[in-house]
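One structure below.
A short reminder: the numbers here are calculations on the coordinates, not readings from a lab. Just so you know, these numbers come straight off a predicted model, no measurement behind them. A quick note on method: Cβ atoms are made from the backbone with ideal geometry, for glycine too, and the neighbour counts reach across all protein chains shown.
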Amino acid sequence: MIPKILVAAPTSNLKDYCFDEYAEQVRNFTYPHYDILLVDNSQDKKYHHKILEAGIRCIYHKPKGSPIEYITECQNIIRGVAIEGGYDYVLMLESDVFVPRNIIEHMLCGGAEVYTITYLITKKGKHSVCLHGMPTNELRTSTKVLEEDVSAAVWTGEIKDIKQFKIGEDFRLYGTGIGCTLFKTSVLKEIPFRIDKQFPAAFSDSYWYLDAERAGIKTILDTSIIATHKSFKIK
């Protein structure tokens, strides 16, 4: 039997600008055995109803606290659905991230418990690749480890393959954003999504990879592709 996949993401009406394109994407993957789930954390249920009208399963989760808190709660709702629904894998695919139609087959071929693809983010107006690293002698919260000029080259399309990235010799990668990550559900059973309220700017991505690192769970970072992230306009 081929693995049963749950393609899922937290979302909100803030992503409405690319919803039609995202819905078209997730409805047309070439993999034959998957379901779709969005967890909407908008302030009201208007966007929730729009998602349902598009034929996509959606759970509404009323937001409380900070965005980091309720987005993490949405991720754990997805985790619970995957565990209770008997899914073999979860493809966490953010509602503004775009990938090839055969992405599920591509990621499954890696044979990993966690298989991830990175993408571009912006911080204080600067473009960067969403990768985290740690010094070899201690665990540390997420640190950008790419040289700025290399990040700029990726942004402009001059670099297509992250094998060409220059990473400091005293660092090793331990994670990226989870916005395009295939998790074995058995791993999610072991490691939930969490945050630390002492560090209110840190999303669950860093903590999940940190916990996986401590549990001895290996993540494969695919260096052959960079997903398209439409959370901003490329200038």
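Ala112: net charge of surrounding residues, Cβ under 9 Å, Lys/Arg +1, Asp/Glu -1, itself excluded? Surrounding charge for Ala112 is +1.
Taking Cβ atoms as reference points and 13 Å as the exclusive limit, the residues near Pro63 contribute a net charge of -1, counting Lys and Arg as +1 and Asp and Glu as -1.
Could you work out how far the C-alpha centroid of the range 48-98 sits from that of the range 178-220, in angstrom? Computed from Cα coordinates, the inter-centre distance equals 16 Å.
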